Amino acid sequence: MARVAHLPVMANLLDPAARGRVILVGAGPGDPDLLTLRAVEALRSADVVVHDGLIDPRVLDHAPASAQRISVAKQRSRHTVPQEGINALIVAHVRAGSVVVRLKGGDPFVFGRGGEEVEAVRAAGLRVDVVPGVSAALGCAAEAMLPLTHRDWSSAVSFVAGQCKGLSDQNWAGLAGKGRTLVIYMGLANATAIADKLMADGVSPGMPVAVLERGTLPGSRAMRTLLADLGDMTVRERIASPAIIVVGQVVLLSDAQDRLHQIATQAAEAFA
């Protein structure tokens, strides 16, 4: 009965006749196969798709050929379109009567500024709906066989942004350590500072840490080391964005390659 009751809601959300609205859609961590059915249906209804830069072209192919595609790609400290401009762009197209799909990597409400865009659209008196997506943390961790929680290892998981201003002033106390998992988004460029910060907060330098690079995408890599070696590993391995950092004992359960052990083995062989 619950499923039947849900159908009218879905039909209303995806009704092509309901014009002039925006749908915030989570595109997942990268692999098009991780799109939800609801996300695909929303894309098929789009007149305009305003999308992030890292969206796989195969995801955009679900939109009609006639739909206008607008990239608002962002890079660290540099946006092709500022957030205020993105908000204004969305509002303008909705006011013109278009169905606008705002396509965002991962989930719109997990470090995706989806909340800001919902506020802007509602402030303009316009309709907005949200379609959740598989977050980067969940998708990348699953690919690496890394359980973010585990009855024997971790009963809590926290998500933080690693590129925010004033990183040293943020209070992360208690977010990492025994029995806890910390997932850091957008922290690659600050990897050394993040490791120093956590160790200063009392996290053991020997705490396992993984870096999941290009998770669910071609060329993905999952590598692990110890917290004290985090910054050095990102340099040695030439790790590039997009990548997330996972700190916690659960890292030892994953398929991530132990890069510190491999370096030590190679060094021993070289001096043998």
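Checking the stated criteria, SER45 turns out not to satisfy the condition of being of a type in the set (S, T, N, Q), touching a residue at least 12 places away in the same chain (Cβ under 8 Å) and within 30 Å of MET223 (Cα to Cα).
Tell me whether segment 195-210 contains one or more residues that are among the β-branched types (Val, Ile, Thr) and under 21 Å from GLY105 (Cβ atoms).
So the first thing to find is which residues in segment 195-210 are among the β-branched types (Val, Ile, Thr), and the list is 203, 209.
In the following step, the residues that additionally are under 21 Å from GLY105 (Cβ atoms) were identified as none.
Checked segment 195-210: no residue is among the β-branched types (Val, Ile, Thr) and under 21 Å from GLY105 (Cβ atoms).
Per this entry, ARG122 is not counted among residues that are loosely packed, with under 14 Cβ neighbours inside 10 Å, in contact (Cβ under 8 Å) with a residue 60 or more places away in the chain, among the basic types (Lys, Arg) and more than 29 Å from GLY219 (Cα to Cα).
When segment 209-224 is examined, which residues are found to be touching a strand residue (DSSP E or B) at 6+ places or on another chain (Cβ under 6 Å) and either in contact (Cβ under 8 Å) with a residue 40 or more places away in the chain or not charged (D, E, K, R) (or both)? Give the steps one after another, and end with the answer.
Going residue by residue through segment 209-224, those that are touching a strand residue (DSSP E or B) at 6+ places or on another chain (Cβ under 6 Å) are 209-213, 221-224.
Scanning segment 209-224 gives VAL209, ALA210, VAL211, LEU212, ALA222, MET223.
The set of residues in segment 157-174 being open to solvent by 40 Å² or more (accessible area, probe 1.4 Å) and at pLDDT 95 or above consists of VAL157, PHE159. Residues of segment 130-146 that are open to solvent by 40 Å² or more (accessible area, probe 1.4 Å) and not β-branched (Val, Ile, Thr): PRO132, LEU138, ALA142, GLU143, MET145. Would you confirm, using the coordinates I've provided, whether THR234 is among the polar types (S, T, N, Q) and under 22 Å from GLY162 (Cβ atoms)? Criteria met by THR234. In segment 194-205, the residues that are of a type outside the set (Val, Ile, Thr) reach residues that are open to solvent by less than 70 Å² (accessible area, probe 1.4 Å) and not in a loop (DSSP other than H, G, I, E, B) with C-beta atoms within less than 6 angstrom, at least six apart or across chains, in these pairs: ALA195/LEU227; ALA195/LEU230; ALA195/GLY231; PRO205/MET199; PRO205/LEU227; PRO205/ALA228.
Of all residues in segment 97-151, those being among the hydrophobic types (A, V, I, L, M, F, W, C) and closer than 22 Å to PRO64 by Cα number 7.
For segment 229-251, the criterion of being open to solvent by less than 50 Å² (accessible area, probe 1.4 Å) and among the basic types (Lys, Arg) is met by none of the residues. Residues in segment 103-119 that are in a helix (DSSP H, G or I) and among the small types (Gly, Ala, Ser) were compared, and the one that is least open to solvent (accessible area, probe 1.4 Å) is GLY114.
The values are calculated or read from the model by the stated rules, or taken from the named source; none is laboratory data. In this text the structure is predicted, and so the values were computed from the model without any measurement. Backbone-built Cβ (ideal geometry, glycine too); neighbour counts: all protein chains shown. The area values use the complete protein model at the heavy-atom level, side chains included, leaving out ligands, DNA and RNA. Shrake-Rupley method; radii C 1.70, N 1.55, O 1.52, S 1.80 Å.
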